[in-house]
1. Looking for whichever is within 19 Å of ALA64 (Cα to Cα) and among the hydrophobic types (A, V, I, L, M, F, W, C) here; the options are VAL140, VAL96. Which one fits?
2. Which members of region 18-40 meet the condition of being closer than 25 Å to LYS100 by Cβ, open to solvent by 20 Å² or more (accessible area, probe 1.4 Å) and without any contact (Cβ under 8 Å) to a residue 24 or more places away in the chain?
3. Could you tell me whether HIS159 is surrounded by 14 or more Cβ atoms within 10 Å (Cβ to Cβ) and either within 16 Å of the chain's Cα centre (by Cα) or among the acidic types (Asp, Glu) (or both)?
4. For ALA83, work out the one condition from (1) at pLDDT 95 or above; (2) over 30 Å from LEU180 (Cβ atoms); (3) part of a loop (DSSP other than H, G, I, E, B) it doesn't fulfil.
5. Taking ALA88 and the conditions (1) of a type in the set (Gly, Ala, Ser); (2) more than 11 Å from the chain's Cα centre (by Cα); (3) surrounded by fewer than 18 Cβ atoms within 10 Å (Cβ to Cβ), which numbered condition does it fall short on, given that it satisfies the others?
6. Can you pull out the residues in region 131-144 that are out of contact with any helix residue (DSSP H, G or I) (no Cβ under 7 Å at 6 or more places or on another chain) and surrounded by 12 or more Cβ atoms within 10 Å (Cβ to Cβ)?
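The values are calculated or read from the model by the stated rules, or taken from the named source; none is laboratory data. Nothing here was measured: the structure is a model prediction, and the numbers come from that model. Quick reminder, even Gly has a Cβ in these numbers, built from the backbone with ideal geometry, and neighbours come from all protein chains shown. Just so you know, the surface numbers come from the protein's heavy atoms only, side chains and all, with ligands and any DNA or RNA stripped out. Shrake-Rupley method; radii C 1.70, N 1.55, O 1.52, S 1.80 Å.
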Amino acid sequence: MTETTRARRSDAERTVRTILEAAERVLSRNPAASMEQIAEAAGVARTTVHRRFASREALVDAMAAWANQRFAEAIDAAHPESAPPLVALYQATANVLRVKIDWGFAMSRMLSDDPEVVRVHAEVDARCERLFRRAQEAGVLRADVDPLWARRVYYALCHEAAQTRDGEPDALAARLVDTLLRGVGTGQGLA
């Protein structure tokens, strides 16, 4: 590959990313926004958007694929198999919240029957299952806690934290992990 070809490819990739990021911002505020409004927000001509994406649906599909890839990368960056469990749990949480907050519109458009989305989410769930098992073995989670229930609670907390957008992802992650590990009660049970 020549230097010129690499430069063109790099420029094209930057343009696509700029369009995707602008589309996320615009469509998050106005889901009915036009391709022209997205092009304006991206600082490119409408024809550039149409050249890259044949239709609005194709653009939204590309946004969902981009967000799905960022979601997988967020988990990878936390090193859930090798970092200490508490560190990995916090880092994965902060990373995932960044993606869910920054790509909320696109994440909400991911089709649950899309094979790539299904594959990525199954891999993430398996990695999370292993991380929660490691956390339990390390004493981060109590021995009597059902790891499946803990993961379900964790996923619900992640979803709610991303929806409320109440703070920066790092602060939200700290609050979320603290809530998961300490609970919200005084420690007294029903009996």
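1. VAL96
2. Across region 18-40, the qualifying residues are GLU21, ARG25, ARG29, ASN30, ALA32, GLN37.
3. no
4. For ALA83, the exception is condition (2).
5. Failed condition: (3).
6. none
Residue by residue, here is whether (1) modelled with pLDDT of 90 or more; (2) part of a helix (DSSP H, G or I); (3) among the hydrophobic types (A, V, I, L, M, F, W, C) holds:
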position	(1), (2), (3)
GLN136	yes, yes, no
LEU157	yes, yes, yes
GLN163	no, yes, no
GLY167	no, no, no
ALA171	yes, yes, yes
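Per-residue answers, yes or no, for (1) open to solvent by 80 Å² or more (accessible area, probe 1.4 Å); (2) touching a strand residue (DSSP E or B) at 6+ places or on another chain (Cβ under 8 Å); (3) without any contact (Cβ under 8 Å) to a residue 12 or more places away in the chain; (4) not aliphatic (A, V, I, L, M):
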{"residue": "ALA42", "(1), (2), (3), (4)": "no, no, no, no"}
{"residue": "SER55", "(1), (2), (3), (4)": "no, no, yes, yes"}
{"residue": "LEU59", "(1), (2), (3), (4)": "no, no, no, no"}
{"residue": "ASN68", "(1), (2), (3), (4)": "no, no, no, yes"}
{"residue": "ALA92", "(1), (2), (3), (4)": "no, no, no, no"}
{"residue": "TRP103", "(1), (2), (3), (4)": "no, no, no, yes"}
